[in-house]
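Contents: one structure, followed by commentary.
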Amino acid sequence: MLTSAQLHLARTFLVIFFRDRQSIAFSLFFPLIFMGAFVFSSGDNDPIKVGLINNSNSNLSKNFSELVSKDPLFDITEGDETVLRKELILGNQTAVVLIPQDFESKNESNELILLLDLSQVRQLASIRDAVDNSLLSIERELRDIEPMFSLTIEDVKARPQRYIDFLLPGLLAFMLMNLSIGGSGFNIVEYRRRGILKRLFVTPIKPKDFIISIVLARMIIVLMQISVILGLSILILDITIVGSLISLYGMVMLGTFIFLCIGFSLGSLAKTQEAIRPIVGLVTFPQLILSGVFFPISSMPELVQPFVSALPLSVVVTGLRDIANDGVSLFSLNSTSLGILIWMVLSFILATRFFVWKEVAK
Amino acid sequence: MSIVKASKLLKAYPLPENKNESFNAVDGINLEIRRGEIYGILGPNGAGKTTTLEMLEGLTDIDEGIALIDGIDVSKEPYKVKSIIGVQLQSNEYFDRINLAELLILFGKLYDQKDNSKALLSKVNLLDKASAKPDELSGGQKQRFSIACALVNSPKVLFLDEPTTGLDPQAKRNIWKLIHELKDSGMTIVLTTHNMEEAENLCDRIGIMDKGNLIAEDTPQALINKFAPDPPQAPLQGNIEDVFLSLTGNNLRD
């Protein structure tokens, strides 16, 4: 069981953390900013800004421009070619549709030109799809034919799922990664450099006691910080956690364990304070982008998906999302729990391997 | 009766310029330190003083030889040794945002001791600084505090690594007084120093180290008789430190 030395050391780490107002504020800053962005945005997609250049005088082109203006997907500005081209380059318009002079026949195929600034359009495919769809429905209307199919979308999981519901577990995972790696890796390098570790190890405490205390203190810190963000999300953003909170907190603790171990390894790898920052950045930053915090891993190229979903943050994000969004229990055996287990073992081995006790006290 | 006993203590480090070759930072030294004495290890930088202390303290692995503290083998039972010794290190930095009293309570807990922070602080004359942070202390106060930290477990042997380096004469003399009081309470004290005056006035016996070897060991007077056959004429009016002290007074300047 825990000794009073371990408990007191853990308590000291907590006191150090809670007296450091600045770092508390910073660790809450990032998730709060993201949540804030959602409070103030309506959640609906903004219409795509499209310029329309009508070089034709035909009735068809007039009809066309009326119909396309009604489409809620688009925010249409009709205007002069030179002006709209300039706006497109400036980024004021996402795309410009050019109706050529010979745009008049209802029976032949008419060519429309879509002007884009390819360097600025991230979702070319989805804009193209939107334009194509809109053209199709306009065509039906102009030719006066009923669409053959209609599509109603129904969620099989039958729950209100917004982007914020998807995002929150990702943010929580990212937060716990930062708190854990920062709390172990950075601290160890700093304590070593300043001779604090050496001072500790002239007393009869064992390296194990030191590690247990850090893990204990960080667990509590992470759980408290996560609770703040989770509580605010439930209160303000009306987030529903489908699974049980016990499972959610359990997953948070397992994730914290993984990232604490990774942090210990990195802290032992980096010999100096200057080295730890880029090393930690190298580990955390790509994971923020790749691990499905902001968008699902399934939207990435298929070739990279297996690698990306094996990243520790991906595993924790998926685990939290399974619990928060789909109500999966922590103890249900699936590929995610297997991933968590593998990373726990792996990171623990890494941490104990790299963490050279004698060197710590140098 | 020796309380610290080391025989053929050796520590090898790889050479900085050629990692494949090593040099002996401590080259098989023998030490016998008697219970209740103040033993000073003297030597130029890089002589192996700190490495010797760290091997005795269980902080650095002993490559060859045996070290016993109060009969306990340091290599075999480092934690048992650590619980009966007190160590003051050259660097004295502590956790941020934790005050002196809290640090002493913490160090006490690491030895399973109850809070005796008040007694310790008053012993080193820092009771009024109990709620100050270590980085708010002056050099002399820091040094006294780090001695207080080394005393939390009422150690049998106290190791001090250059306790007065960088201190002004007032603070230095204050530390000497403190060390004398500790000796009077029965503690054995092992210290390293560059300060010849400190070695001469404070220590019961001195060991002089150079290049990892103990090249001379005796009482200060015996060493002077042996190695300094031509003693310089004693100055009649004291030295410049006496001038400094008489002008600036003996009071501690923190």
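All of the numbers you see were taken from the coordinates with simple rules; none came from a lab. Quantities reported herein were computed from a predicted structural model and do not represent experimental measurements. Quick reminder, even Gly has a Cβ in these numbers, built from the backbone with ideal geometry, and neighbours come from all protein chains shown.
Assorted remarks:
- Ranked list, fewest to most other Cβ atoms within 10 Å of each Cβ, for B:L9, A:L151, A:L248, A:L237: A:L151, A:L237, A:L248, B:L9
- Virtual spin-label span in nm between B:N201 and A:R277, 7 Å along Cα→Cβ: 4.6 nm
- Bridging of A:K86 to aspartates and glutamates at a Cα separation below 19 Å is possible for A:D75, A:E78, A:D117, once same-chain residues fewer than 8 apart are set aside.
- Computed from the alpha carbon atoms alone, the convex hull of the protein assembly as shown holds 239 Å³ per residue.
- Within the range A:65-110, the proportion of C-alpha pairs whose separation exceeds 15 Å stands at 54%.
- Contact order for chain A, expressed relative to its length and based on alpha carbon pairs under 8 Å spaced 6+ residues apart, stands at 19 percent.
- Local net charge near A:T336, Cβ-Cβ under 13 Å (Lys/Arg +1, Asp/Glu -1): -1
- Separation of the range A:256-294 and the range B:120-177, taken as the distance between their Cα centroids, equals 38 angstrom.
- Cα gyration tensor shape for chain B, rounded if a/c is under 1.5, else prolate or oblate: oblate
- For chain A, the longest principal axis of the alpha carbon atoms and the long axis of helix A:273-290 meet at an angle near 40°.
- 0 to 90° range, to nearest 10: angle between helix A:21-40 axis and chain A longest Cα axis: 20 degrees
- Shielding by other protein chains, A:320-333, mean Cβ within 10 Å: 0
- With a 10 Å cut-off around each Cβ of B:100-108, the average count of Cβ atoms from other chains is 3.
- Spatial separation of Cα centroids for the range B:41-78 and the range A:97-150, in angstrom: 84 Å
- Taken along the Cα-to-beta-carbon direction at a fixed 7 Å, the label points for A:I342 and A:E154 span 3.7 nm.
- Residue-count net charge about B:E241 - beta-carbon cut-off 11 Å; Lys, Arg +1, Asp, Glu -1: -1
- For chain A, the longest principal axis of the C-alpha atoms and the axis of helix A:59-70 are separated by about 30°.
- The range A:24-40 and the range A:322-339 have Cα centres separated by 27 Å.
- What the Cα convex hull of chain A gives, in volume per residue, is 180 Å³.
- Gain on full extension, evaluated as 0.36 nm per residue between A:L32 and A:T77 minus their Cα-Cα distance, stands at 12.6 nm.
- Chain A: most fluctuating residue of A:V50, A:V280, A:V252 per GNM, C-alpha cutoff 10 Å: A:V50
- Filter on B:K133/B:K156; A:K208/B:K118; B:K11/B:K109; B:K8/B:K76; B:K82/B:K133; B:K172/B:K211 - keep pairs with C-alpha separation over 22 Å: B:K133/B:K156; A:K208/B:K118; B:K11/B:K109; B:K82/B:K133; B:K172/B:K211
- Here is how the number arises for chain B: DSSP H runs of 4 or more residues each give -39500 (n - 2.57), the sum is divided by the residue count, and the result at 222 nm is -10000 deg cm²/dmol.
- Inter-chain Cβ neighbour average for residues A:191-202, partner chain, 10 Å: 6
- With contacts taken as Cα pairs under 8 Å and at least 6 residues apart, the range B:1-106 reaches a relative contact order of 27 percent.
- Net charge, A:K70 excluded, C-beta distance under 15 Å - Lys, Arg +1, Asp, Glu -1: -4
- Using C-alpha pairs below 8 Å separated by at least 6 residues, the relative contact order for the range A:48-143 is 33 percent.
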